[in-house]
């Protein structure tokens with residue numbers, strides 16, 4: 001019995017020692033404490049937002065209600081060269097919500113059991129387009145210019161390299177060259193890479209301070225890098241003097257008539273929103289953002305344009321080509337001619353098809369490594385969007 005007690009005591013001491021060491025390491029690198037970090041790394045995509053600090057985004061005082069109709073989804077869709085039932089498409093892609101909006105009417109609405117029209121779901125990189133909308137407003141107001149450099153607003157980050165030449169334009173078009181790539185290794189091996197550090201960090205200023213190495217001179221190459229959007233978030237907070245969540249609520253969320261509260265994850269409460277990801281809302285309210293772009297930036301409240309003509313032109317004209325050979329510009333994808341798409345990790349999509357006046361929302365829980373699902377899913381959604389009855 002004494003031997004057993006001794007073994008238990010030694011194991012307990014060992015575990016406590018390991019925790020103390022890990023706790024010290026996480027404090028140094030500005031990560032959440034070890035248990036919280038492990039839980040964050042293991043949680044399903046749709047559950048991680050509630051495990052991180054956030055700022056709330058107030059909805060409209062008088063939300064604009066949706067009109068609903070009824071449209072049958074196709075019995076079969078094309079998936080990787082095969083015809084499969086639409087229900088199998090939803091299941092195969094780990095769908096949580098799927099909405100179709102035609103001419104401002106919700107014609108089809110589906111939710112996974114346990115999820116409703118009022119469930120807040122993550123958008124991941126769909127948030128990049130939200131960030132672009134705010135940048136566009138600030139440019140329209142003459143408060144910033146695309147030619148402005150990041151270090152004009154943050155001279156403390158100057159380091160004498162081409163980092164000092166990074167402009168708002170290069171950040172918008174994924175051409176800045178800041179050396180934080182968007183590689184997502186699966187499992188624990190992926191927790192220490194730069195993009196994972198930025199996602200989990202409790203101090204974004206510390207992260208940028210220690211990630212200013214450049215991969216190329218700004219404007220000379222294009223590669224999808226989330227750090228570009230995060231740097232835009234820094235600028236929004238600096239120029240407005242507000243929490244990004246508060247600015248977004250007052251200038252986008254409430255004017256579009258959002259029905260539900262949303263929230264934006266931050267490095268720490270009172271800190272900075274993780275503008276490259278981490279915006280969380282209901283499927284119906286995401287559809288309102290898509291409709292805003294579809295309607296040339298016109299608000300549902302107050303009859304004013306939230307996106308001016310210059311920024312609409314910027315959003316609708318891709319300037320480079322990124323993953324899958326898709327066009328890209330100003331934080332918005334152009335996967336097919338005449339279409340636009342907001343896209344997020346783990347299968348988050350807002351497709352905008354002006355030719356049929358259609359917006360589609362798909363929110364999912366796909367694994368990080370889902371192969372060619374983005375291409376296949378976008379093709380299915382595009383085909384449905386085109387087939388307007």
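Any read-out appearing in this document is the output of simple, stated calculations on the displayed coordinates, not a laboratory observation. Note that the structure is a prediction, hence the values are computed from the model and not measured. Glycine gets a Cβ as well: all are built from the backbone with ideal geometry, and neighbour counts include every protein chain shown.
Miscellaneous remarks
- Cα-projected label distance for residue 220 with residue 146, points at 7 Å along beta-carbon direction, nm: 2.2 nm
- Highest-fluctuation residue, 359, 375, 126 considered, GNM on the chain with Cα pairs under 10 Å: 375
- Normalised contact order of segment 41-386, rounded percent, pairs of Cα under 8 Å and 6 or more residues apart: 27 percent
- Length-normalised contact order of segment 95-170 in % [C-alpha pairs under 8 Å, at least 6 apart]: 18 percent
- GNM flexibility winner over the chain from 100, 239, 227 (Cα, springs under 10 Å): 239
- For the pair residue 76 and residue 303, a Förster radius of 30 Å applied to the C-beta separation gives a FRET efficiency near 0.10, rounded to the nearest 0.05.
- Per-residue [θ]222 nm for the chain (sum of -39500 (n - 2.57) over DSSP H runs n ≥ 4, rounded to 500): -10000 deg cm²/dmol
- Antiparallel DSSP beta bridges within segment 41-386, as percent of all bridges there, nearest 5: 95 percent
- Shown for 351, 322: other C-beta atoms within 10 Å of each C-beta, ranked fewest to most, produce the order 322, 351.
- Taking 106, 235, 115 as the candidate residues, the one with maximal mean-square fluctuation in a Gaussian network model of the chain, Cα springs under 10 Å, is 115.
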